Amino acid sequence: MTVDHSQLDQSTNYMGKDCVVVGNGPPLQHLAPSPSPSEPSTDSTPTAVIPLGTHPMFTRAKAGIFKTRHPANLSFLGTSGLLPALLASTKPKGFKYAAKNPNWLAAMDEEIHALKNNHTWVLVHWPANTNIVGSKWVLWTKYFPDESVERLKVRLVAKGYTQKWPIRQLDVKNVFLNGTLIDQVYMEQPPGLVDTSLFIYYQKSNIIYLLLYVDDIIITDNNYSLLDSFTCKLNSKFATKDLGSLSYFLGLKATPTSDGLFINQLKYARDILSRVQLLDSKPVHTPMVISQPLSTDGSLFSDPTLYKSLVGTLQYLTITRLDIAHAVNSVSQFLHAPIEDHFLAVKCILLYVRGTIHFDLTFCPSSSLGALVAYFDANWAGYPDTRRSTSGYSIYLGDNLVSWRAKKQPTVSCSSCESEYRVLAFTIAELIWLTHLLRDL
């Protein structure tokens, strides 16, 4: 018996299951799976093959298109340690997700032990008629500049927003004191006059500088033995971990050499470009076109949240990138209602960062302190919509760039001379602050 195979739906993924045929013909009987070529057939009776291609539908199987199946071998992932590594390198969605990895559980235990050692709380019975504040695990992964996992960080925080306190509003008719002071009252300095993140310790000729940001600390001094004893003393009071010499701090990579200290944000810049898929794009040579000032005329950008997010990340990049300070300041003026041209300006900045991604700051040691030298300029009426000017300055201590800024002036200047005087006052205020800071150091 001769069988015509030209109209068969030859799908190699057929597993002997029932098949449903769509068409206008009579119902077909279920076909039994044919024996494989390696198995001899025990039935010598000829089998009639029913044509399946009588319907007009053109399927992927008829065209010879098949999707290869790749079953995941979870047992291999578990035994090889790949699954815990993937879980560790990914930000957990919550406690249930993190509890699958013993590394996260170990980090949680470390946080609990640190809180117990600091006597943060005392376990008591649940008091009656009391509003109980919940708790939450905050988990994130810290990376080295080469994208490898440095450590897993866990913090236990209280849900203060769950407290149900009554809220009432009052107004005081007179804000001045209506009484006589008997005891001395000490008031802290107003914001802008004191830096509560920098702490200085003097002991005869020994000096220690401690810079604190939340739970990240940088310490330096002029006496190595005093630094070791201070670190041990600090560790006895708080659960700290010595990370060695300064290498990576708040997204800034510090590389000490014999010539000085190099600081850059290479990893941070790469993360930004990867996020917007511009890491492999062709770079440009300037961050923005100065001859074409930005305005509010144009169609609104479709995703203002993306615009705000990108501008915010670029603002943090100006910590080490003076060359994009003015461009980032310009696009920051339109966060409330960005248009298409504003987003193109942000993209231009990103492409410029792509071509200058390895730029960094260099701080060279000097035998003498050197003088503070400032450079400033103003872009008179640089914003056509508001006629505001832009102030910009850069200040050097010797050969090292220590301060810079670009900022829109708060009022309209009637002439370019007036805008220059405003930026002059702005720069002198920064010089006075740096003078007081250096005097305190």
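The values are calculated or read from the model by the stated rules, or taken from the named source; none is laboratory data. Keep in mind that this is a model prediction, so the values were computed, not measured. Methodologically, a virtual Cβ is constructed for each residue, glycine included, from the backbone with ideal geometry; neighbour enumeration extends over all protein chains shown.
Out of Ser236, Ser245, one residue alone is farther than 29 Å from Asp399 by Cβ and either part of a strand (DSSP E or B) or not assigned by TED's automatic domain parsing to the domain that holds Asp146 (or both). It is Ser236.
Considering only segment 261-312, state which residues are hydroxyl-bearing (Ser, Thr, Tyr) and in contact with a Lys or Arg (Cβ under 8 Å, 6 or more places away or on another chain).
Hit for segment 261-312 is Ser281, nothing else.
From Phe238, Phe230, which residue is among the hydrophobic types (A, V, I, L, M, F, W, C) and at pLDDT 85 or above? Of the residues listed, the single one that is among the hydrophobic types (A, V, I, L, M, F, W, C) and at pLDDT 85 or above is Phe230. For segment 309-338, taking the residues that are of a type outside the set (Gly, Ala, Ser) and closer than 16 Å to Gly382 by Cα, the one that is surrounded by the fewest Cβ atoms within 10 Å (Cβ to Cβ) is identified as Gln333. Given the condition more than 32 Å from the chain's Cα centre (by Cα) and on the phi > 0 side of the Ramachandran plot, answer yes or no: does some residue in segment 419-441 qualify? No, the conditions are met nowhere in segment 419-441. Annotation: of all residues in segment 260-312 being of a type in the set (D, E, K, R) and closer than 14 Å to Ile339 by Cβ, the one that is nearest to the chain's Cα centre (by Cα) is Lys308. Among the residues of segment 371-401, those identified as surrounded by fewer than 19 Cβ atoms within 10 Å (Cβ to Cβ) and under 19 Å from Gln315 (Cβ atoms) are Ser394, Leu401. Of the set (1) in a helix (DSSP H, G or I); (2) without any contact (Cβ under 8 Å) to a residue 40 or more places away in the chain, all apply to Asp280 but (1).
Just checking, does segment 380-394 include any residue being small (Gly, Ala, Ser), more than 27 Å from Asn264 (Cβ to Cβ) and touching a Pro at 6+ places or on another chain (Cβ under 8 Å)?
Going residue by residue through segment 380-394, those that are small (Gly, Ala, Ser) are 381-382, 389, 391-392, 394.
With more than 27 Å from Asn264 (Cβ to Cβ) added as a condition, the list becomes 381-382, 389.
Checking which are touching a Pro at 6+ places or on another chain (Cβ under 8 Å) leaves us with 382.
Within segment 380-394, one or more residues are small (Gly, Ala, Ser), more than 27 Å from Asn264 (Cβ to Cβ) and touching a Pro at 6+ places or on another chain (Cβ under 8 Å).
From the list Asp341, Asp303, exactly one residue is modelled with pLDDT of 90 or more and over 23 Å from Asn379 (Cβ atoms). Which is it?
Working: Asp341 fails: over 23 Å from Asn379 (Cβ atoms).
So the residue among Asp341, Asp303 that is modelled with pLDDT of 90 or more and over 23 Å from Asn379 (Cβ atoms) is Asp303.
Does segment 408-425 contain at least one residue that is modelled with pLDDT of 90 or more, β-branched (Val, Ile, Thr), in a loop (DSSP other than H, G, I, E, B) and surrounded by 12 or more Cβ atoms within 10 Å (Cβ to Cβ)? Scanning segment 408-425, I find at least one residue that is modelled with pLDDT of 90 or more, β-branched (Val, Ile, Thr), in a loop (DSSP other than H, G, I, E, B) and surrounded by 12 or more Cβ atoms within 10 Å (Cβ to Cβ), so the answer is yes.
Just give me the residues in segment 108-140 being hydroxyl-bearing (Ser, Thr, Tyr) and closer than 24 Å to Asn235 by Cβ, in sequence order. Please lay out each step first, then the result.
Going through segment 108-140, the residues hydroxyl-bearing (Ser, Thr, Tyr) turn out to be 120, 130, 135.
The one that is hydroxyl-bearing (Ser, Thr, Tyr) and closer than 24 Å to Asn235 by Cβ: Thr120.
Within segment 128-140, at least one residue is surrounded by 11 or more Cβ atoms within 10 Å (Cβ to Cβ) and either modelled with pLDDT under 70 or charged (D, E, K, R) (or both). Yes or no: Asp259 of a type in the set (D, E, K, R), without any contact (Cβ under 8 Å) to a residue 24 or more places away in the chain and either exposed (fewer than 14 other Cβ atoms within 10 Å of the Cβ) or under 30 Å from His119 (Cα atoms) (or both)? The answer is no for Asp259.
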